[in-house]
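A.B. asks: Starting off with a structure, shown below.
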Amino acid sequence: MSQDLYQHPDYYLLDELLTDEHKLIRDSVRAFVKKEISPIIEDYAQKAAFPSQLIKGLGEQGCFGPFVPAKYGGAGLDYISYGIMMQELERGDSGVRSTASVQGSLVMYPIYTYGSEEQKMKYLPKLATGEMMGCFGLTEPDHGSNPAGMLSNFTDAGDHVILNGSKMWISNAPFADIAVVWARGPEGKIKGLIVERGMEGFTTPETHGKWSLRASATGELVFDNVKVPKENILPNVEGLKGPLGCLSSARYGIAWGALGCAMDCYDTALRYSQQRIQFGKPIGGFQLTQKKLAEMITEITKGQLLVWRLGVLRGEGRATPEQISMAKRNSCQTAITIAREARQILGGMGITGEYSIMRHMMNLESVITYEGTHDIHLLITGQDVTGLSAFK
Ligand code: TGC
Ligand code: FAD
């Protein structure tokens, strides 16, 4: 990839809404992305490999569960800080942000929010540094948008339970040390279980052939009569609100993260349009190019305001799941539209790995699908404003 010359677009001076600590965090993660991610990520995406050497640095940057208190190894930061981190990471690559989202929002968050004190002390400090990596198993082969239909289940066997079933499309599964798995208990109620690699009957086959999120490892979780100690069951939640609560945290991070892709695509296209000469002048001087760039910065600015406000509400404990859905959906739509327009501005160069745009565009096809598809989030907003469910 060409040298990373990224300059953060801030058309409405939104930096003024950030604290000095937020800006320090942003600059630190941005420098990490420029130094450690940008130079290698295209190569890893091309060969569909996960850059595991980044894990230690991500832990050192505090990108794993920054909202978890210091007592459990987290940085005890606010949700704006978390959003900024996800924005900067995804500016580098959605797959790397995915790894951090899963670790923080889908593994550390449920252990911190629903776990026992022993579970928190056992897992969270190692997860915060990346010494231990986790994944999150909700989606099943026949239950994606409708997780309430899940079939994975466990039965009581004295001091342990026996887990059966399978999960599909699981980020980090191929290398994760633990999986937070959602399954039905003996009375049919959904519970969360911490399943550890090495437990007999637990396998994590890798999913190959993806054209999207190629630098993120995806796999299945297969449970064939796995003996899970009862002490590994998350005691403090029951029902679908358990996993959906985790999704609220992860979707919040994606709302910030996808805008990172949008900003990177805009910044690349703007610079290119000022340098590329056709018909005797920079292509940025043509009205059609300016229309694309002007619309991009307008949508980015609207998106930045939306996620910043959402961050304030989340920090105050007032962000509703429906508000989070709106922001996740808006950021993904904004980013995917901008990636497509930016690629056009680069002409043929836009399809090469010389620039990040095509990789972002392909990654965003997953981002707009996982954590609730684009249409599911639309229906969540529709239900919220009408009071009528159109899901079933
Ligand atoms: P519904 O009756 O609406 O809700 C059941 C219970 O959950 C509560 N709830 C939430 N709580 C917290 N956060 C949310 N976002 C919540 N949404 C709902 C709700 O209040 C209720 O609580 P209670 O106390 O009454 O029991 O459930 P439903 O079955 O009608 O489903 C609604 C629907 C379709 C919106 C939901 O199932 C949904 O969001 N589906 C999409 C599935 C999804 O997003 N899957 C993501 C899998 S994980 C993933 O993709 C990780 S990618 C990671 C990466 O690589 O970055
Ligand atoms: P389906 O649910 O089959 O949906 C197919 C289409 O039907 C979609 O367009 C959808 O919007 C539409 N649809 C469904 N229901 C309705 C309805 N009621 N009304 C209108 N339209 C509807 N899951 C995890 O648990 N953990 C992970 O770590 C994880 N990582 C992922 C990583 C990647 C790269 C990908 C691609 C997915 C990942 N997922 C993960 C799964 C992801 O959350 C699901 O793919 C997503 O929720 C959609 O489910 P599905 O693919 O089964 O699609």
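A.B. asks: State whether the residues of the stretch 51-60 include one that is more than 18 Å from the chain's Cα centre (by Cα) and within 22 Å of Arg318 (Cβ to Cβ).
C.D. replies: So far as the stretch 51-60 goes, no, none of its residues is more than 18 Å from the chain's Cα centre (by Cα) and within 22 Å of Arg318 (Cβ to Cβ).
A.B. asks: Being open to solvent by 10 Å² or more (accessible area, probe 1.4 Å) and either in a strand (DSSP E or B) or closer than 25 Å to Glu371 by Cβ (or both) is the filter here, so list the residues in the stretch 155-169 that pass it.
C.D. replies: Scanning the stretch 155-169 gives Thr155, Asp156, His160, Ile162, Asn164, Gly165, Ser166, Met168, Trp169.
A.B. asks: Out of (1) in contact with a strand residue (DSSP E or B) (Cβ under 7 Å, 6 or more places away or on another chain); (2) closer than 23 Å to Ile37 by Cα, the odd one out for Phe136 is which?
C.D. replies: Exception for Phe136: condition (2).
A.B. asks: Follow-up. What's the total number of residues in the stretch 353-390 that are open to solvent by less than 40 Å² (accessible area, probe 1.4 Å) and either in the same structural domain as Gln46 (by TED's automatic domain parsing) or more than 10 Å from ligand 1 (Cβ to nearest atom) (or both)?
C.D. replies: Residues flagged as open to solvent by less than 40 Å² (accessible area, probe 1.4 Å) and either in the same structural domain as Gln46 (by TED's automatic domain parsing) or more than 10 Å from ligand 1 (Cβ to nearest atom) (or both) within the stretch 353-390 amount to 12.
A.B. asks: Taking the stretch 299-322, which residues are among the small types (Gly, Ala, Ser) and under 15 Å from Gly253 (Cβ atoms)?
C.D. replies: Gly303, Gly311, Gly315, Ala319
A.B. asks: Anything in the stretch 351-380 that is hydroxyl-bearing (Ser, Thr, Tyr) and either over 15 Å from the mean Cα position of the chain (by Cα) or within 13 Å of Asp93 (Cα to Cα) (or both)? List them, or say none.
C.D. replies: Thr352, Tyr355, Ser356, Ser366
A.B. asks: Taking the condition of being within 32 Å of the chain's Cα centre (by Cα) and within 17 Å of Pro9 (Cα to Cα), how many residues in the stretch 265-289 meet it?
C.D. replies: Number satisfying all stated conditions: 9.
A.B. asks: Let me ask something else about it. Consider Gln333 carefully, then state whether it is over 25 Å from Gly242 (Cα atoms), at pLDDT 95 or above, open to solvent by 40 Å² or more (accessible area, probe 1.4 Å) and assigned to a helix (DSSP H, G or I).
C.D. replies: For Gln333, the condition - over 25 Å from Gly242 (Cα atoms), at pLDDT 95 or above, open to solvent by 40 Å² or more (accessible area, probe 1.4 Å) and assigned to a helix (DSSP H, G or I) - is met.
A.B. asks: Another question, if that's okay. For Asp177, state whether it is under 24 Å from Asp375 (Cβ atoms) and either within 22 Å of the chain's Cα centre (by Cα) or within 16 Å of ligand 2 (Cβ to nearest atom) (or both).
C.D. replies: Answer is no for this residue.
A.B. asks: Does Ala128 fit the bill of being open to solvent by less than 10 Å² (accessible area, probe 1.4 Å), modelled with pLDDT of 95 or more, among the small types (Gly, Ala, Ser) and not assigned by TED's automatic domain parsing to the domain that holds Ser249?
C.D. replies: yes
A.B. asks: Say we look at the stretch 236-265 and pick out the residues that are open to solvent by 30 Å² or more (accessible area, probe 1.4 Å) and out of contact with any Lys or Arg (no Cβ under 9 Å at 6 or more places or on another chain); which of these is nearest to Ser152 (Cα to Cα)?
C.D. replies: Within the stretch 236-265, the match that is nearest to Ser152 (Cα to Cα) is Leu240.
A.B. asks: Checking the condition among the charged types (D, E, K, R) and surrounded by 12 or more Cβ atoms within 10 Å (Cβ to Cβ), which residue from Glu16, Glu60 passes?
C.D. replies: None of the others qualify; the one that does is Glu60.
A.B. asks: Does Ile37 count as outside the structural domain of Leu270 (by TED's automatic domain parsing), farther than 14 Å from Gly92 by Cβ and either open to solvent by 40 Å² or more (accessible area, probe 1.4 Å) or in contact with a helix residue (DSSP H, G or I) (Cβ under 6 Å, 6 or more places away or on another chain) (or both)?
C.D. replies: Taking the combined requirement at face value, the residue does not satisfy it.
A.B. asks: Which of the following residues is open to solvent by 80 Å² or more (accessible area, probe 1.4 Å), touching a residue at least 24 places away in the same chain (Cβ under 8 Å) and assigned by TED's automatic domain parsing to the domain that holds Tyr266: Glu295, Glu299, Glu322, Glu316?
C.D. replies: Glu295
A.B. asks: Next up: Could you pull out every one of the helices (runs of 4 or more DSSP H) wholly within the stretch 47-105 that has 3 or more residues that are charged (D, E, K, R)?
C.D. replies: Ranges flagged: 79-92.
A.B. asks: Then there is this: Among the candidates Gln87, Gln46, Gln103, which residue alone is in contact (Cβ under 8 Å) with a residue 12 or more places away in the chain, more than 26 Å from Asn236 (Cα to Cα) and under 12 Å from the mean Cα position of the chain (by Cα)?
C.D. replies: None of the other options fit; the residue is Gln87.
The values are calculated or read from the model by the stated rules, or taken from the named source; none is laboratory data. Every value quoted in this text rests on a predicted model; they were computed, and no experiment measured them. Positions of Cβ are backbone-derived with ideal geometry, glycine not excepted, and every protein chain shown enters the neighbour counts. Surface accessibility is based on the protein's heavy atoms, side chains included, excluding ligands, DNA and RNA. Shrake-Rupley method; radii C 1.70, N 1.55, O 1.52, S 1.80 Å.
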